[in-house]
Amino acid sequence: MKITIPMNEQKLESGVCPSFGRAPYFLLYDTNTNESKWTANNAAESSGGAGIAAAQLLADSGANTLITPRCGENAEKVLNGANIKVYRSVDGTAKENIDALIEGKLQLLSEFHAGFHGHGG
Amino acid sequence: MADKPLTVAVLSGKGGTGKTLVSVNLAAAAGEAVYLDCDVEEPNGHLFFKPEKPEEETVAVKIPQIDTELCTGCRKCVEFCAFHALAVVGGHPILFGEVCHSCGGCALLCPAGAIQETDKAVGTVSSGRSGHVDVFTGRLNIGEASGIPVIKHLLGKIPSGGERPVFIDCPPGSACAVMESIKDADFCVLVAEPTVFGAHNLAMVYELVTLFRKPFGAVLNKCQEGENPSEAFCLEHQVPILGRIPFDPELGALNSEGNIAARENQRYRELFGSLLERIGKEAQHEAASDS
Amino acid sequence: MKQLLILSGKGGTGKTTVAGAFISLSKAKAYADCDVDAPNLHLISHWSSAPQRSDYFGMPKARINTAKCIGCGECLSHCRFDAIKAGTPFRVKPFACEGCGVCVAACPADAVSMEPAPAGELALYRDDARVFSTAKLAMGSGTSGKLVTEVKRRMGSDAGDAELAVIDGSPGIGCPVIASISGVDMVLIIAEPSLSGISDMERIVKMAESFHVKTAVCVNKADVNPAKTEEIRAFCRERNLPFAGTIPFDTEAVKAINSGKNIAELDIPSGRAVRKVYENVMELLWKEAKQHDYKSSVGEHGGVR
């Protein structure tokens, strides 16, 4: 599996970021090689549509699984189109979440909140 | 008395100060009038006017429509879109309509000519009559990014060469929707509360109307005994105080039931009538001093 | 750290006054004002030190290089936002510009570029014990979740060992409100007992419910319309929403605020009432959720400061 997780810090021992679209980094963890790759999330800078842009980033990253506490319905559409399975994270570090996923202890994320929208005005 | 009917915009720095109270009651006191509710995210004026047989029109904007047969998946549209309204996954394009700002850029840039534009409803404008007032209410659909297209549509409802005064109930704050609402106003009424919050927010709209060079005056609402920081602001910045509405539980009760005080109560009919006259005089004075 | 968010749906319900009271009563060491369009919390928070200020950049704005402009008008004819003014030279109207970049693409002379534009200012107040994060959007700017997220993030970074964070939310139901709800433990909705107040409260309740966040409602200025206050109570009963109490309209509250005093510290009707509401809210906030599975639906944010 190629698992991706939104993170505040570039450490496997850090907790999962509460925001998906505006997380500063995304971890990409390959369970075959146990290698971690860190990508800065450019989408965090967007005035709007951050979830969509972040999801596009992940779609391009080769990830097939996402672990996150929450996700908007717009981002979900993109992730779905890219065949990325979305699981709900639990309390704990990124490493603990990865282990939980491998052990089949995580649940699929079933609720997606309404999309964020940019400008307001 | 004004020579030509006025377009008066009523604004405040934040919600809940009495913008709707003032604009609705001024329109009611004016007899024949036009009332526009530009607070399209949370319009409330119609709750007071209860217009008869309202007719609804859809307000639409243009959004892209992608022909998936022609689309090559080149992603120029995704890269261009400043609002992230487009994504391409598995070679297929996805459009997010409510994030789209209708700029037309993707249709312009698509090298395969795969993007056309189509209408998308973003809100409604409903028109009805309440007594002698023509009531126009703008509503933005939940989830839409910008109320500006609805406000533009509303402003188009102002009869040209009209004989009746127009009252515009603006959105709260000083963001772009407010700027759009006051664009065509002859005069701006700034409503303020007697608290430090009220004065702070009054300062914000004061800055806005000054920037746009609109003639303006203030109405102090919910006045009670004691210091009034908003009044102090007006005195310091030479903002004409057009009227004071005292804090009155009776007015609060009428208002919270959705009643128009100027229609139900003699005292308020007179209060808003005088306020209207004062606005007319002040606007005329400003116009004269400009020429 | 538990985060309590105070929302209202409609402006003018007393959100900031209640937030200020809660901050005083809880001696919260971390708080934030997410009402970036019309921030007011700083007016009643007493800080002797100046805040750290930084620019917030929103959408970039177009700029026409007058030396390169050939006056063809392609930018004007393509602009959907009425943001270009014809003339010698052509100019961008910055308040109208939405940053879409179409003019850059349309210009045959490469005369238009997108420039970063400050759309507001962030302010962070800090001392050894507390942190207060706030921001103000520049006039004419569009609100977005980005600035609200940044305000909360800065509070979180400096919250240290604070047990409770109080967040003064923004009015409305749009993007900034969604961004404020993200990651909080509880929402307190301040409702106004009026026709328009109830309609706005219902919209906000729906939104909070869709986030599965523990929500409670209290009514401010409740005595202005007792019948409508009762309607709100009944609404909460129907939906199984905790009703945290009522606060009467109090002219003394206005005087207190204007003289820089906190209603929570005074023996006035609104002060006494807000203390009761505070106790009810704290009980809800800190009790282990048994009947609602908040933990699994909200997701934990362990490890994030």
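Annotation note: of C:Lys221, C:Lys206, the sole residue that is at positive phi and either within 14 Å of chain B (Cβ to nearest Cβ) or buried (at least 21 other Cβ atoms within 10 Å of the Cβ) (or both) is C:Lys221. Please find, within the stretch B:253-282, the residue that is farthest from B:Gly131 (Cα to Cα) out of those that are surrounded by fewer than 20 Cβ atoms within 10 Å (Cβ to Cβ) and modelled with pLDDT under 90. Here the answer is B:Ala253. Please specify each residue of the stretch B:185-215 satisfying the condition of being in contact (Cβ under 8 Å) with a residue 60 or more places away in the chain, hydrophobic (A, V, I, L, M, F, W, C) and assigned to a loop (DSSP other than H, G, I, E, B). The answer is B:Ala185, and nothing else. Every condition in (1) outside the structural domain of B:Arg164 (by TED's automatic domain parsing); (2) among the hydroxyl-bearing types (Ser, Thr, Tyr); (3) under 21 Å from B:Glu56 (Cβ atoms) holds for B:Ser102 except the one numbered (3).
Tell me, please, whether a residue that is facing chain A (nearest Cβ under 9 Å) and of a type in the set (Val, Ile, Thr) can be found in the stretch C:164-180.
yes
Could you look through the stretch B:238-265, keep only residues that are within 19 Å of B:Arg278 (Cα to Cα) and without any contact (Cβ under 8 Å) to a residue 60 or more places away in the chain, and pick out the one that is nearest to the other protein chains (Cβ to nearest Cβ)? Per the criteria, the residue is B:Pro246. So, B:Ser230, is that one modelled with pLDDT of 95 or more and more than 30 Å from C:Ala227 (Cα to Cα) or not? The answer is yes for B:Ser230. Annotation note: of B:Val89, B:Val59, B:Val22, B:Val78, the sole residue that is closer than 30 Å to B:Glu286 by Cβ and of a type outside the set (Gly, Ala, Ser) is B:Val22. Looking at the stretch B:19-106, the helices (runs of 4 or more DSSP H) lying wholly inside it that each contain 1 or more residues that are free of Cβ contacts under 8 Å to residues at least 60 places away in the same chain sit at B:76-80. Candidates are the residues of the stretch B:181-218 that are among the charged types (D, E, K, R) and facing chain C (nearest Cβ under 9 Å); the one that is nearest to C:Asp82 (Cα to Cα) is B:Glu207. Taken over the stretch B:166-201, the criterion of being surrounded by 24 or more Cβ atoms within 10 Å (Cβ to Cβ) and of a type in the set (D, E, K, R) is satisfied by B:Asp169, B:Glu180, B:Glu193.
Tallying residues that are in a loop (DSSP other than H, G, I, E, B) and either hydrophobic (A, V, I, L, M, F, W, C) or within 14 Å of chain A (Cβ to nearest Cβ) (or both) within the stretch C:110-157 yields 11.
Is there a residue being surrounded by fewer than 16 Cβ atoms within 10 Å (Cβ to Cβ), away from chain C (no Cβ under 12 Å), part of a strand (DSSP E or B) and basic (Lys, Arg) anywhere in the stretch A:85-100? No, there is no match, as no residue in the stretch A:85-100 is surrounded by fewer than 16 Cβ atoms within 10 Å (Cβ to Cβ), away from chain C (no Cβ under 12 Å), part of a strand (DSSP E or B) and basic (Lys, Arg).
Of all residues in the stretch C:155-177, those that are under 23 Å from C:Glu279 (Cα atoms) have Cβ atoms under 6 Å from Cβ atoms of residues that are of a type in the set (S, T, N, Q), 6 or more apart or on another chain, in C:Leu164/C:Ser26; C:Ala165/C:Gln3; C:Asp168/C:Thr16; C:Gly169/C:Ser180. Applying a threshold of 6 Å to beta carbon distances and a minimum spacing of six or more residues, or different chains, the list of pairs starting in the stretch B:124-137 at a residue that is buried (at least 17 other Cβ atoms within 10 Å of the Cβ) and ending at one that is assigned to a loop (DSSP other than H, G, I, E, B) reads B:Gly128/B:Pro51; B:Ser130/B:Pro51; B:Val135/B:Pro51; B:Phe136/B:Lys157; B:Thr137/B:Pro43.
The values are calculated or read from the model by the stated rules, or taken from the named source; none is laboratory data. Bear in mind the structure is a predicted one, so any value in this text is a computation, not a measurement. As a convention, Cβ positions derive from the backbone with ideal geometry for all residues, glycine included, and neighbour counts pool all protein chains shown.
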